[in-house]
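The values are calculated or read from the model by the stated rules, or taken from the named source; none is laboratory data. Please read these numbers as outputs of a predicted model, since none were measured by experiment. In this analysis, Cβ positions are derived from the backbone assuming ideal geometry, glycine residues included, and neighbour counts consider all displayed protein chains.
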Amino acid sequence: MLGFGGKRKYSDWECSGCKHPFVSEQWLKRHEKKCKAVREQAERAFQLGEENENRQKRRRVTEAEKENQIANMIDDDFRVEVPDTNVANGGDTSNGSPMDMDPIEAPPEVLAPSQPPGRRRRRFMPSWKVRNMLPGPSNLGTGGRDDNPSGDLASRLMEELDSRVRAAEDSASAVDHAASLSTSTDHTGAIANPEHPASQPTLLTRTVRTTANKIGLWRRYTHRPTAVAEEPSLEERFEPRASANASKSSTRTISDIIRPFPNLSAWRWSHWFWARSSSSKTKDDRRALQELVCGPGFEPRDIEGLDFNALEAELDKTPLPWQDPHGGWRETKLTIGIPTGVKPTQAERRTAAAAAREAARDIGVPDSAPSIDVPGIHFDIPGFHYRSIPSVMRSVIEHDHAARDFVWEPYEEYVQLPGNSDAMEERAYSEMWTTDAFITAHRELQDSPTEPGCTLPRVIAGLILSSDGTHVAQFGSASMWPDYLAFANQSKYTRVRPEAHAIHHLAYIPKLPDSVREAIRKIRPKGAVAPLLTHLRRELFHAAWGVILEDDEFLHAYEHGMVLRCSDGVVRRVYPRIFVYSADYPEKVLIATIRDMGRCPCPRCLVTKDRLGAVGSTSDRQARTDSARHDSEERQQKVSEARTRIYNDGYVVNSDVVENLLKDDSLVPTENAFSKIKGLNAHRSFDFHDILVVDLMHEFELGVWKAVFAHLVRILEAHDPILVDQLNERYRQVPIFGRSTIRRFTSDVSEMRKMAARDFEDMLQCSIPCFENLLPSPYNEQVLDLLYVLASWHAAAKLRMHTDSSLKVLDSWTTSLGRHLRHFQRVVCEAFNTHETRREREARQRAEARRNTSTGGSASQAGDRQPRPRKFNLTRYKLHALGDYVTSIIRFRTTDGYSTQPTELEHRRLKARYRRTNKNKATGQIVNIGIREAEMRRMGQELHEVGVHVPGNKPQPAPDADNTPAEVHVHIAKEQHHANAVYIDQWLYENRNDPAFEEFWPRLVDHIRGRVLEQFRGAAPDVENADSAPVYFKHDRLYQHATARFNFTTYDVRRDQDVINTSTDKRDVLVSTQGTATDPSSHPFTYARVLGIYHAEVEHMFSSAPTRVDFLWVRWLEHDTDWPSGDSAKRLDCLRFVPHGSEVDAFGFLDPTHVVRACHLIPGFGEAIPRTTDLLPPSSIRDAEGDWSVLYPNRFVDRDMWMRYLGLGVGHRKMVAMIWTILSPMMKRRRG
């Protein structure tokens, strides 16, 4: 065995069998190959190991037992409740009873294996295989690993269910064909019976419950599902992945697919041109062109002399039989009415009344069609490009490859959290198809009369609408106002990825032209005033939506459905339903037809403006419920009367007569286009106020948090201007984390220049250490409390999967946030005389200069050049909206499903298309570009399915992504050559004076021996001196690596990856430790800084071949047990490096499988002495200026990390069970 430097002794090489000493390792190895004692010892060890393994193996089942298991699984997976049958007159003549079902047994607990000997006085949790469970498919699905060796389990389950349902139906029909089947379950569904007329459907409830999967998730269908939604595979759950749609072979020939292009080379050339969305060429474009020209099958002579403009024009003119002409796009004009503002005379009123009476007496048919029903002086706005919603549905549902994964059968999703003994199963909130709104719409559809003679399955297509104006020109004022459409049936994890093309362009609303001012001037000598122009913009917006929503085909589809052959090959009758409209506040007030920051500024309730700051209070919660907005007849009557006053009686838009009608409820005199849906028989419960969901990006990240941060900067500047520079310096020193989770901050964050929402998010997540001790006490503590509450609320509100427990946590943080914000305004802000910052003052002066120029003044006539006082204001709709998040998540699921972020990302595609136009009537050119891009994408996918190479079809991997299998927890490179070899003797000798290398060798040997004993522990019990068995390092080498990758299951049952790199800031890891509730100092995690990533080829007595052992050389950190931390103290945990020479080892070795994931440690900038040299003497692993005195583990760095501390992550099932005893008292208080 190797010693610590120097020469070896004669006794260093001793045979483990016969104990004979040797002078060199070479002679020892030669002897051991022939030594009878060593051979007998190895044989005995292997024999003991085999016997121990055989005792632990489960008895293999026979084929007959497998069949019985499947039958039992069917009984457990589908609990079909068949009700008693009653005749129409109410008599009880049923001869059936509910089917007896075996209760679903809880899955057995996975016992944690014993841990290998580790670092002294440190207890580790079970390995990742037990702690970090892989997400598996439910028993309903067919995706993922096939645990059923006897065929397709999902198919057999469906067949068994069908047989049971058929038996129930036969029993019911035998009593009476008019029998009405009832049940005592929660929901009632409609199943069409051909023996009954369509107007009198037979009702039958079939509640289907599945067994829980390994994670604890299970589903409940309120109707018998006609198709089982497959769970995503492990690879599809992995975050750094490309789209993984199911493959489907095309039946068309290559020439048919690429028509009208004469050959594949011509098509590839055109595909390359249209696939590159940017007009400015980049290195990626050059790489793609090189791949095209050098790729297989491309022949330059094939494109010589081709007129691609003519080919693409022919492509536009000759759509496929199933395609709508011009991609379904249409162009029309919008007509709005300009009120005259002139009151009619008495004579004019008498004439109008007589004409109305004459028209009422005339019952004949008019000779010509009536003109458009728009009051006032008509003003036409050309250039409205739009697609009908049914056209988009046909294109996507029938022919989009991504539609194969659409979920048509909604279900409720539940989870049983381990250790949660005081509650039953909890509802899980994630995808939109699990919402009560979706399930209710589906149930109402199934209960409604079927179409005459139609036996097709009827399903809901959930529509997610969004709109947002955006500037499309890099220089200039060109802008567009797009409407987007997405489908709630598609997974939100797909919708949010721009490369999935899941956000479909629906319309481009034209802006109000400048010529409207001239038209107004001809009608009204005073010309246009601001209230009138605002009114006309609202009229324009709803005129555009009126064209879309009043489309005959759409109205027919809403009532009677559309027969579509879906991408999965099943013909269904699909009914569109609008569930969500995602928009920022300016768009919301347009959709809700209310005033921007009027008396009641909320589009969902009638809470008055002076009560906006009461968020989180009991009275505020009650007011939101009691004063909810409704599209009632009273509201419509008020708007109609106001329009009569404006258009018939000649009152101006903002006259007192109109204000008295509308001002109390902040209404506006515009007819809402979405009210027309409420009149449809198919959806009388529709209310456009309900579809206006919250918007976390604009309301919190760019709203409340941005306002708080800006005022904190004003407070620092008021207290001492140098503090602002210190704040900027601290943010610059925050280490990066993840692929792009925490990026390097700009040099001057206080200026907030060109910052996106994600930048403000990062600033909040890292704010507590950066603001610490900048202000005097007690304001410092109060500000840190507020920052902790803000970060906690943001983490809870942005979760991608909620449960009932986590929603209670969010609700409690909402209460706390409102209380802390009011305290911040009342106490902290009043203690400082705050003024505008320099940037705010300059921005105000520029705005005043522009206003002076527009009114004929001089730009030099700027206003006050002195900074004006600025106070913190709680009268914000965005603050009020924070109180609606719990309700919105319950109704429509988590906020990422309807965030405006995908809309903002889709703007990039729109801007790229604009740059490819000639800027003259650009909207029509953008439409044409979009059609060609979509057609090229469709052709490319179809060619890919028939095996044709399509350049650029495979998306580029995400940064730091590699080919590590998703089911592998840790990946360290396999490379093993001279370049990464560490020669142990030489390395230890060179670092013999480095304190970090003290006891390096004995610690490493102990660690490796313990790992070997753990791996081969079956042979260890009966081997003499197993704990001191020698281990040998092959070739006396270690092999060093720069990075290690850790795959882990996230709280929302996805797979993600952390990468640590010893040469960057990303080198800190989180390790699970076994804490107990009785130990007040217990903590579920231990932290370590990785100094080196190594593997070694180890030879030992339990195996004849060398064993590869991966290990991490780490520097440990310890908790400051005297520092109050956590949610009760509203402080981050306090860590410091274990001092050198203390009783607890400062350095050690770690099995990579014990790492949970990487962590983010932020220095304690606010310490009196931020850096110290007392923890470690000068060393190669320490910074020259010393270690940070304090490090804070950032629990807010991402939602997965926050949920690990909270202990409610669905994907952290085993972790939750292990830390429940530590967090149980706190969690019970929150849940209560």
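Residues that are out of contact with any strand residue (DSSP E or B) (no Cβ under 9 Å at 6 or more places or on another chain) and either in a strand (DSSP E or B) or on the phi > 0 side of the Ramachandran plot (or both) within segment 560-595 comprise just one, G569. When each of V574, V580 is tested for being in the same structural domain as I509 (by TED's automatic domain parsing), farther than 22 Å from F700 by Cα, among the hydrophobic types (A, V, I, L, M, F, W, C) and crowded, with 21+ Cβ neighbours inside 10 Å, the lone residue that passes is V574.
When segment 480-529 is limited to residues that are among the β-branched types (V, I, T) and under 25 Å from D551 (Cα atoms), the one that is farthest from the chain's Cα centre (by Cα) turns out to be I509.
With a requirement of 3 or more residues that are of a type in the set (S, T, N, Q), the helices (runs of 4 or more DSSP H) lying completely within segment 605-717 that satisfy it span 618-626, 633-647.
Apart from one condition, R800 fits all of (1) in a loop (DSSP other than H, G, I, E, B); (2) touching a Ser or Thr at 6+ places or on another chain (Cβ under 7 Å); (3) modelled with pLDDT under 95; the exception is (3). For segment 654-691, taking the residues that are over 17 Å from T440 (Cα atoms), within 38 Å of the chain's Cα centre (by Cα) and of a type in the set (S, T, Y), the one that is modelled with the lowest pLDDT is identified as S675. The strands (runs of 3 or more DSSP E) found wholly in segment 388-478 and carrying at least 1 residues that are hydrophobic (A, V, I, L, M, F, W, C), closer than 14 Å to H504 by Cβ and in contact (Cβ under 8 Å) with a residue 12 or more places away in the chain occupy 458-467. Residues in segment 489-503 that are touching a strand residue (DSSP E or B) at 6+ places or on another chain (Cβ under 7 Å) and more than 19 Å from L799 (Cβ to Cβ) were compared, and the one that is surrounded by the most Cβ atoms within 10 Å (Cβ to Cβ) is N489.
Kindly indicate the residue of segment 639-665 that is of a type in the set (S, T, Y) and touching a residue at least 60 places away in the same chain (Cβ under 8 Å) and also farthest from T608 (Cα to Cα) among those meeting that condition. Among those that are of a type in the set (S, T, Y) and touching a residue at least 60 places away in the same chain (Cβ under 8 Å), it is Y647. With respect to the conditions (1) touching a strand residue (DSSP E or B) at 6+ places or on another chain (Cβ under 9 Å); (2) modelled with pLDDT under 95; (3) closer than 28 Å to H1140 by Cβ, E967 lacks only one, and its number is (3). Among the criteria (1) closer than 16 Å to E933 by Cα; (2) surrounded by 14 or more Cβ atoms within 10 Å (Cβ to Cβ), the one L289 does not fulfil is (1). Looking only at segment 1034-1068, which residues are aliphatic (A, V, I, L, M), in a strand (DSSP E or B), in contact with a helix residue (DSSP H, G or I) (Cβ under 9 Å, 6 or more places away or on another chain) and farther than 30 Å from L28 by Cα? Residue satisfying the conditions is A1044 alone. Every test in (1) touching a Pro at 6+ places or on another chain (Cβ under 7 Å); (2) surrounded by fewer than 23 Cβ atoms within 10 Å (Cβ to Cβ) is passed by W433 save one, and that test is (2).
Within segment 297-326, if we keep just the residues that are assigned to a loop (DSSP other than H, G, I, E, B) and within 30 Å of M393 (Cβ to Cβ), the residue that is modelled with the highest pLDDT turns out to be D324. Could you go through segment 865-887 and let me know if any residue there is outside any loop (DSSP other than H, G, I, E, B), touching a helix residue (DSSP H, G or I) at 6+ places or on another chain (Cβ under 7 Å), surrounded by 12 or more Cβ atoms within 10 Å (Cβ to Cβ) and at pLDDT below 95. There is no residue in segment 865-887 that is outside any loop (DSSP other than H, G, I, E, B), touching a helix residue (DSSP H, G or I) at 6+ places or on another chain (Cβ under 7 Å), surrounded by 12 or more Cβ atoms within 10 Å (Cβ to Cβ) and at pLDDT below 95. A557 passes every criterion in (1) among the hydrophobic types (A, V, I, L, M, F, W, C); (2) within 25 Å of I646 (Cα to Cα); (3) in a helix (DSSP H, G or I) apart from (2).
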